[in-house]
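So the structure is just underneath, and the comments pick up after that.
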Amino acid sequence: MTTERKKGHFTFRSAGILLMASAALELLSVSSEVPLFGEVRGGIGAGIYHVFYAVLFLALGLGLWKARTWGYALVFVTTAIYTLDKLQLVLGRQALEAFIKSQFAGYESQLQSQGIDAALVTQAVVLMAVVVVLCWWGFALYTRWRRDYFTDNG
């Protein structure tokens, strides 16, 4: 007996695995500071942030892997949440700059010898955030296009 795979099977399964790996990495980062709402936050606030994303990525990964209709909906919810998170990151430029400076503390002379300063890194992080958000929206559009992959059996 052969089962025919729906279009998008490999893409959604691969994305599911990568999202579950992202969830694990978020849990490993649970004590790491994050620039959030205009300030660099650590402690319980950062922990909640990382656990929230870990749960969100794990749920989305499982929803994609199992091809559930709730997984389909969660793609758009996650895309919206991620977009808003990165928007607050880009708009909270002072917090982002403070976060970057704290990450490079002790390495300033090595970075300066390479011609790298905090402003350049900040620009790179902002550009990366924009590109990643665009990729999320591309994935959401692909999900909409391949919505027949998702079933109602769970």
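The values are calculated or read from the model by the stated rules, or taken from the named source; none is laboratory data. Nothing here was measured: the structure is a model prediction, and the numbers come from that model. Cβ coordinates were reconstructed from backbone atoms using ideal geometry, including for glycine residues, and neighbour counts include every protein chain displayed. These area figures cover heavy atoms from the full protein model, side chains too; ligands, DNA and RNA do not enter into them. Shrake-Rupley method; radii C 1.70, N 1.55, O 1.52, S 1.80 Å.
What to note about this one:
- Any hit, region 95-102, residues being touching a Gly at 6+ places or on another chain (Cβ under 7 Å), part of a helix (DSSP H, G or I), farther than 30 Å from W145 by Cβ and of a type outside the set (V, I, T): yes
- Filter pass, L62 being assigned to a helix (DSSP H, G or I) and open to solvent by 40 Å² or more (accessible area, probe 1.4 Å): yes
- All of (1) closer than 23 Å to T143 by Cα; (2) modelled with pLDDT of 95 or more; (3) of a type outside the set (D, E, K, R) hold for A67 with one exception: (2).
- The set of residues in region 56-89 that are of a type in the set (K, R) and more than 25 Å from K7 (Cβ to Cβ) contains only K86.
- Considering (1) in contact with a helix residue (DSSP H, G or I) (Cβ under 9 Å, 6 or more places away or on another chain); (2) open to solvent by 60 Å² or more (accessible area, probe 1.4 Å), the lone condition that S113 does not fulfil carries the number (1).
- Scanning region 1-51 for residues that are closer than 27 Å to R68 by Cα, touching a residue at least 40 places away in the same chain (Cβ under 8 Å) and crowded, with 18+ Cβ neighbours inside 10 Å turns up G8, F12, A15, G16, L19, M20.
- Test: residue in region 118-126 that is in contact with a Phe, Trp or Tyr (Cβ under 9 Å, 6 or more places away or on another chain) and either charged (D, E, K, R) or farther than 28 Å from D85 by Cα (or both): no
- Filtering region 101-144 to residues that are at pLDDT 95 or above and more than 18 Å from the chain's Cα centre (by Cα) leaves only R144.
- First in region 91-112 and in contact (Cβ under 8 Å) with a residue 24 or more places away in the chain and closer than 15 Å to S32 by Cβ, second anywhere and charged (D, E, K, R) and open to solvent by 90 Å² or more (accessible area, probe 1.4 Å), Cβ under 6 Å, 6 or more apart: A95/E39
- Residue list for region 16-51, restricted to those being in contact with a strand residue (DSSP E or B) (Cβ under 6 Å, 6 or more places away or on another chain) and in a loop (DSSP other than H, G, I, E, B): E33
- Residues satisfying the stated conditions in region 69-81, i.e. surrounded by fewer than 18 Cβ atoms within 10 Å (Cβ to Cβ) and either of a type in the set (A, V, I, L, M) or not in a helix (DSSP H, G or I) (or both): A73, V77, A80, I81
- Candidate set from region 123-154 (those that are polar (S, T, N, Q) and open to solvent by less than 70 Å² (accessible area, probe 1.4 Å)); member that is nearest to K7 (Cα to Cα): T143
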